[in-house]
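Accompanying notes for the structure given below.
The values are calculated or read from the model by the stated rules, or taken from the named source; none is laboratory data. Quick caveat: nothing in here was measured; it's all calculated off a predicted structure. Here the Cβ positions follow ideal geometry from the backbone for every residue, glycine too, while neighbour counts run over all protein chains shown. In case anyone asks, the SASA skips ligands and DNA or RNA and just uses the protein heavy atoms, side chains included. Shrake-Rupley method; radii C 1.70, N 1.55, O 1.52, S 1.80 Å.
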Amino acid sequence: MADETLSNLLHENRRFEPPAELAADANVKAEAYDRAAGDREAFWAEAAERLDWGKKWDQVLDWSNPPFAKWFVGGEINASVNCVDRHVDAGRGDKVALHWVGEPADDTRDITYAQLKDEVSRAANALTELGVKKGDRVAIYMPMIPETVVTMLACARLGAPHTVVFGGFSSDALASRITDCGAEVVVTSDGGYRRGAPSALKPAVDEAVQKVNAAGEVTVRNVLVVRRTGQDVAWNEGTDVWWHDVVDGASPDHTPEMHDAEHPLYVMYTSGTTGKPKGILHTTGGYLVGTSYTHWSVFDLKPETDVYWCTADVGWVTGHSYMVYGPLANGATQVLYEGTPDAPHKGRWWEIIEKYGVTIFYTAPTAIRTFMKQGDDIPAKFDLSSIRLLGSVGEPINPEAYIWYREHIGGNKAPIVDTWWQTETGQILISPLPGVTAGKPGSAMRPLPGIVADVVDDEAKSVPNGSGGYLVLKEPWPAMLRTLWGDDQRFVDTYWSRWQGLYFAGDGAKKDEDGDLWVLGRVDDVMNVSGHRLSTTEIESALVSHPKVAEAAVVGAADDMTGQAVCAFVILRDNAGDGGEDIVTELRNHVAHEIGPIAKPRQVMVVPELPKTRSGKIMRRLLKDVAEGRDVGDVTTLADSSVMELIKAREAGNA
Ligand code: WTA
């Protein structure tokens, strides 16, 4: 982030105290910080008591072989039982778990905990029939429909780790994930609704399965298909199975097995600094403790009265932790919405809040900025007075967006929790506590009780207040990733090798004069576009896989709407000539096809050379200057300092 932005941020001095009523009745009070600091393990053990265990743990934390943590050692638990059965057993079966809202108007379903339990049990029985056993991986490529949640919980019930792949990813991305985790069963649907029209999903699965099976390393045995849109689908006899044929008729009784606390719950792929996505492994007990506790404390959830809505897609970690596992373990009533915020009209989200009386709303800054641009009059048409708490996640929230969110969605009273965490951390780690912390627009404030985070300099020394550095975690936490699927060494190298004993998150941060934290964004080659993580290297590899491209460099450039935007610089192959008139469109579409539409570069610049150091490393910093329209800084370390002149000249020509 530019220094100027940073100093603007640190001059931000508005403070919003917690509303008195909320503070008085808050689930978690200030004393929790001291209690957790006094005995962290006892604190997390108490959080674990909020769940139902088949067998209690013998040891809260085993950190004898860092960075490989084991939490609640010896304990046995079933995540699905905690998310459904226990609420039914406690007499809350008639409570609505999901207010599902399809994109087409009036296409809605309310699903109670009792119904959810039956559906999860049926799906678990059906998956068992399809040969899924404890330990087998199941890939899920689905729209935002109840069956997606049901499938995840059914997998958890069986102890078959799921890997949900975002429905916006390409068939290649899906194929590589299926192969990496060795999934033999894929669950999908014919399609889903996006902006008023059915959008197909199954063709991408068919392509992916073909690729995977042809490569021969893994064989996909079955594809289980939910009929959502009714569109035509190609059918592969012997492999494809309709959901309604095998799940609907299955028994709603399923006796769950308790799994070891460290049994794998799921693998979620995320972008790293290299081209190959990382399979983040989360296990059962600690993950459920971390997500349920933070969902209850950070959102101050009152399960009897609150209606909670997280707008994330279930294909991202936010959908896993704060739509499926956290809220359902807490017995929350929540909204699950299939479509986009602007279909069929720009007030759709606010209409949903009004209709269901949503009290807690969790979304991303990029969405807030889009609404700001569309105008205050749109949310003003709806009654949003039910809102009592707002959350933000995915990227730093700029003060303007924070203030707009508070004013126009939160009625100038609802506190905002700016929650910092990652796919790797599994649970929120840094956030205000709504009944305790006075919020500052743009600051994620303090590590939660039980979390030890800091900002350090290059020598791993804690920086003084008023200074910036790298965000690190100093102690393990229950929902932390346990490793990268099949790659312990990469796990150690990626997160734990920069400084002995510290987890390096990849983010830069600053402590203000009060010691509160301001997360500034990634300091590595990971970009954050609309809250989605994308790797520069991954997009570069996609570009060079195009026959006309010789070399490519990608940077994330500041963008008012999306936070960062993908900007690509490419050198064409000699035999590609000037690439033709439509080369830019061709390359943008190529990236969308290889990775997914979210990775499509905002800008592709065809350049004659790339700036490289004498050792041949591309100097992305200089390209970022170009992409952000700044004067190019120091070029003395370049092998050929005239390169930047060439690029600048070409850019002026392009403009
Ligand atoms: C960024 C999403 C500032 C950060 C849950 C992190 C944030 C990356 C915030 C993880 C926040 C997330 N303030 N930055 N409140 N929340 N980030 O894995 O750069 O998709 O490292 O997890 O998003 O993205 P991921």
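Observations on the structure shown:
- Other residues within the sphere of radius under 9 Å centred on the Cβ of Pro256, judged by their own Cβ, net out at -1 (K and R +1, D and E -1).
- The stretch 139-210, relative contact order in percent, only Cα pairs under 8 angstrom and at least six apart counted: 39 percent
- Contact order for the chain, expressed relative to its length and based on alpha carbon pairs under 8 Å spaced 6+ residues apart, stands at 13 percent.
- Those GluC sites (Glu not before Pro) in the stretch 458-543 that DSSP places in a loop and that have at most 11 other beta carbons within 10 Å: Glu459, Glu513
- Counting Lys and Arg as +1 and Asp and Glu as -1 over every other residue whose Cβ lies under 14 Å from the Cβ of Glu551, the net charge comes to +2.
- Compactness relative to 2.2 N^0.38 Å, alpha carbon Rg of the stretch 203-323: 1.38
- CD proxy at 222 nm, helix term only [per DSSP H run n ≥ 4: -39500 (n - 2.57); per residue of the chain; nearest 500]: -8000 deg cm²/dmol
- In the stretch 40-90, the GluC sites (Glu not before Pro) that fall in loop regions by DSSP, at most 11 other Cβ within 10 Å: Glu49
- Förster radius 45 Å - calculated FRET efficiency between Asn13 and Lys134, Cβ distance, rounded to 0.05: 0.25
- DSSP-defined antiparallel bridges as percent of all bridges, the chain, nearest 5: 60 percent
- Bridge orientation summary for the stretch 346-494: considering DSSP beta bridges with both residues in this region, about 45 percent are antiparallel.
- Restricting the stretch 386-491 to trypsin sites (Lys or Arg not before Pro) that sit in a DSSP loop and have at most 12 other Cβ atoms within 10 Å of their own Cβ leaves Lys461.
- The stretch 321-476: C-alpha pair distances exceeding 27 Å, %: 29 percent
- Seen from Glu12, the other residues with C-beta closer than 13 Å to its C-beta sum to a net charge of -2, counting Lys and Arg as +1 and Asp and Glu as -1.
- Portion, in percent, of the accessible area of the stretch 191-302 that falls on carbon or sulfur, probe 1.4 Å: 49 percent
- Rel. contact order, % - alpha carbon contacts under 8 angstrom, at least six apart, the stretch 433-529: 29 percent
- Each principal axis of the Cα cloud of the stretch 383-474 was taken in turn, and the coordinate range along them, longest first, works out to 52, 26, 23 Å.
- Rg/Rg_ref, the chain, where Rg_ref = 2.2 N^0.38 Å and atoms are Cα: 0.94
- Normalised per residue, the accessible area of the chain is 37 Å², obtained with a 1.4 Å probe and no contribution from ligands, DNA or RNA.
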